[in-house]
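The structure appears below as structure tokens.
Derivation of every value follows stated rules applied to the coordinates shown; laboratory data play no part. A quick note: this is a predicted structure, and the numbers were derived from the prediction, not measured. As a convention, Cβ positions derive from the backbone with ideal geometry for all residues, glycine included, and neighbour counts pool all protein chains shown.
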């Protein structure tokens with residue numbers, strides 16, 4: 001039981017550091033987070049689509065950028 005609690009605590013601590021804007025380093029450019037306005041703007045411009053079209057594509061294909069790109073190419 002204590003092992004589970006320790007693992008669970010570690011997981012929670014890791015989640016609390018996710019998307020911490022004060023931490024610098026390589027960003028995860030393999031995933032699209034449609035809940036961040038700067039990512040919506042970046043990926044929408046990259047794929048030449050609207051933010052709403054991007055949100056729909058992520059709903060349909062998932063958050064992996066490669067999957068979204070493949071999905072958008074199949075739609076055209």
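A few points about this structure:
- Helices (runs of 4 or more DSSP H) contained in segment 24-76 and holding at least 2 residues touching a residue at least 24 places away in the same chain (Cβ under 8 Å) and out of contact with any strand residue (DSSP E or B) (no Cβ under 7 Å at 6 or more places or on another chain): 37-47, 65-75
- Considered as a group, the residues in segment 61-76 that are farther than 16 Å from residue 40 by Cα and loosely packed, with under 14 Cβ neighbours inside 10 Å include one that is nearest to the chain's Cα centre (by Cα), and that residue is 70.
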